[in-house]
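Encoded as structure tokens, the structure appears first; notes follow it.
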Amino acid sequence: MQRRDPFSPVADREWPAAARLAAGCALLFCGTTVAVDRCAGSLDPLRAMLWIALSCALGAVLLPPRVTAAPGRLAVRTLLRRYVVHTAALTAVRQYPGVSAHLVLQDLHGHRLELDPRVLAANPALLHELRAGAHLAAARGTLRQGAQLLDRLGERTDARPVETDRGARR
């Protein structure tokens, strides 16, 4: 097993598969709508461009945000923007109850990002980077709210059975 460089960024392992799924759904929608329209005899260039545009919009909606972490920072890239917080300067970590129980992270510099906790639970390396920065922020006295929330999330992740990487080379 290769060791990871401690200064290299860590990315969400499940994002490439989710991105492929979003692209596949968009392509399937495009192919289906164009084929049905063509069979109906009503396909013209304008309608074809409409179906392609709608397929691109569907792909954009289905594309999940990409989460990366490096020592001292956590980043979430959406289709239009990139959000970054400095984990060693965190001031608050909140989780709002409800159907979409996202974590909200804020730092001293005024940066804020929202993150699905399932991404952290599925990627222990991302959670480790976040917790390392949060412990540093707590030691510095900047993290005033939410340290226990990250610890509980880490305990739940540690209690899960370890999944083996089926694609690993031996």
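Structure data summary
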quantity	calculated
Which listed residue, of ALA70, ALA53, is modelled with pLDDT of 95 or more and among the aliphatic types (A, V, I, L, M)	ALA53
Test result for LEU43, of a type in the set (A, V, I, L, M), open to solvent by less than 90 Å² (accessible area, probe 1.4 Å) and not in a strand (DSSP E or B)	yes
Residue in segment 48-56 that is assigned to a helix (DSSP H, G or I), over 17 Å from the mean Cα position of the chain (by Cα) and surrounded by 18 or more Cβ atoms within 10 Å (Cβ to Cβ) present	yes
For ARG13: the one exception among (1) without any contact (Cβ under 8 Å) to a residue 40 or more places away in the chain; (2) open to solvent by 90 Å² or more (accessible area, probe 1.4 Å); (3) part of a loop (DSSP other than H, G, I, E, B)	(1)
Residue match in segment 81-88 (condition: within 14 Å of the chain's Cα centre (by Cα) and loosely packed, with under 12 Cβ neighbours inside 10 Å)	yes
Selection count, segment 65-115, where residues are out of contact with any Lys or Arg (no Cβ under 7 Å at 6 or more places or on another chain) and assigned to a helix (DSSP H, G or I)	2
Residue within segment 9-26 that is among the acidic types (Asp, Glu) and closer than 30 Å to LEU127 by Cβ present	yes
Evaluation of ARG112 against (1) on the phi > 0 side of the Ramachandran plot; (2) without any contact (Cβ under 8 Å) to a residue 40 or more places away in the chain; (3) of a type outside the set (Val, Ile, Thr) (one fails), failing number	(1)
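The values are calculated or read from the model by the stated rules, or taken from the named source; none is laboratory data. Please read these numbers as outputs of a predicted model, since none were measured by experiment. All Cβ positions, glycine included, derive from the backbone under ideal geometry; neighbour counts span all protein chains shown. Please note that ligands, DNA and RNA were not included when accessible areas were found on the heavy atoms of the full protein model with its side chains. Shrake-Rupley method; radii C 1.70, N 1.55, O 1.52, S 1.80 Å.
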